[in-house]
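What follows is a short report on a single structure.
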Amino acid sequence: MPENFLFESAGPISTIAFNRPERRNCMTREVMLEFEQLILQVRDNGGTTRVLIVTGSGTSFSAGADVSGAKGVSDPAERMRIFAARNRGLPRIIGRIFDTVLRLDCMTIGAVNGFAVGGGWALAAAFDFIIASENAQFWVPEVELGVPFAGSPAEVMAKRLGPWLAKEAMIMCRHYSARELFDLGMVNKVVKHPELMPAAQEFAERLLRLPRKAATATKHVVDGVFAGPRLY
């Protein structure tokens, strides 16, 4: 059984939920290796899963990489050293995960329940559809902390958001509400918080009613534009 996630497979719909609310579902090396195994399990289950829903527990979808040690450190070089030490090996793991997610045959839905920060926002952006709670907030804090936002999360964000919005988000560290991203075309649907998972389930059931081969082929055409080369 996964230690850091809740995993449920109900017929053609599977759900993965980050389950470290006390750490805001942050992306440590160990957490993301476990997430990778769950994604591979979905990929390799013989096509049983036709729709994958990913969400978070508590108040966060995911707070992204662990930047806690870099907060309050005034020296830029020391901040970089602490950040690199805490997240050693993580960029390559995340790159593999994003690459796998973007190439899944099943449809993917990010059900963003709360804070989607840094790599957490990038992960949501890698899914086919985003349904967000009205409580959801999205931002990238790294530059304000003196740490570059780079690697596969930045690549996914740039491809999904486009250069101008991506630079505003990643360099200026602007906070976006779910409603703002909906207006920008970056979120498919915003719902009241208690309605998030029922709305994601209903969206998944609508996807299941579509002709599978046609929907999957069309998904890969679109993702072929955005995925580009391998992300690791």
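The values are calculated or read from the model by the stated rules, or taken from the named source; none is laboratory data. Computed from a predicted model, the values in this text were never measured in an experiment. Here the Cβ is made from the backbone with ideal geometry for all residues, glycine too, and neighbour counts use every protein chain on show.
The set of residues in segment 11-43 that are farther than 28 Å from residue 205 by Cα and of a type in the set (Ser, Thr, Tyr) contains only 28. Scanning segment 23-67 for residues that are in contact (Cβ under 8 Å) with a residue 12 or more places away in the chain, more than 16 Å from residue 8 (Cα to Cα) and in a loop (DSSP other than H, G, I, E, B) gives 24, 25, 26, 27, 28, 58, 59, 63, 64, 65, 66, 67. Residue under question is residue 21, and the condition is that it be modelled with pLDDT of 95 or more and closer than 19 Å to residue 135 by Cβ; does it hold? In short, yes. Taken together, the criteria exclude residue 200 from residues that are outside any helix (DSSP H, G or I) and among the aliphatic types (A, V, I, L, M).
Going by the structure shown, is residue 11 modelled with pLDDT under 95, surrounded by fewer than 19 Cβ atoms within 10 Å (Cβ to Cβ) and not charged (D, E, K, R)?
Working: modelled with pLDDT under 95: yes; surrounded by fewer than 19 Cβ atoms within 10 Å (Cβ to Cβ): yes; not charged (D, E, K, R): yes.
Judged against the criteria, residue 11 is a match.
Residues in segment 129-177 that are touching a strand residue (DSSP E or B) at 6+ places or on another chain (Cβ under 7 Å) and polar (S, T, N, Q): 133, 137, 177. Only a single item in (1) out of contact with any helix residue (DSSP H, G or I) (no Cβ under 6 Å at 6 or more places or on another chain); (2) over 17 Å from residue 188 (Cα atoms); (3) of a type in the set (A, V, I, L, M) is not met by residue 161, and it is number (2). Among the residues of segment 112-164, just one is more than 14 Å from the chain's Cα centre (by Cα), modelled with pLDDT of 95 or more and buried (at least 21 other Cβ atoms within 10 Å of the Cβ), namely 133. Keeping to segment 123-169, report how many residues are assigned to a loop (DSSP other than H, G, I, E, B) and under 17 Å from residue 183 (Cα atoms). Result for segment 123-169: 4. Number of residues in segment 11-22 that are out of contact with any Lys or Arg (no Cβ under 9 Å at 6 or more places or on another chain) and part of a loop (DSSP other than H, G, I, E, B) equals 2. Mind checking whether some residue in segment 90-98 is closer than 30 Å to residue 203 by Cα, aromatic (Phe, Trp, Tyr) and modelled with pLDDT of 95 or more? No.
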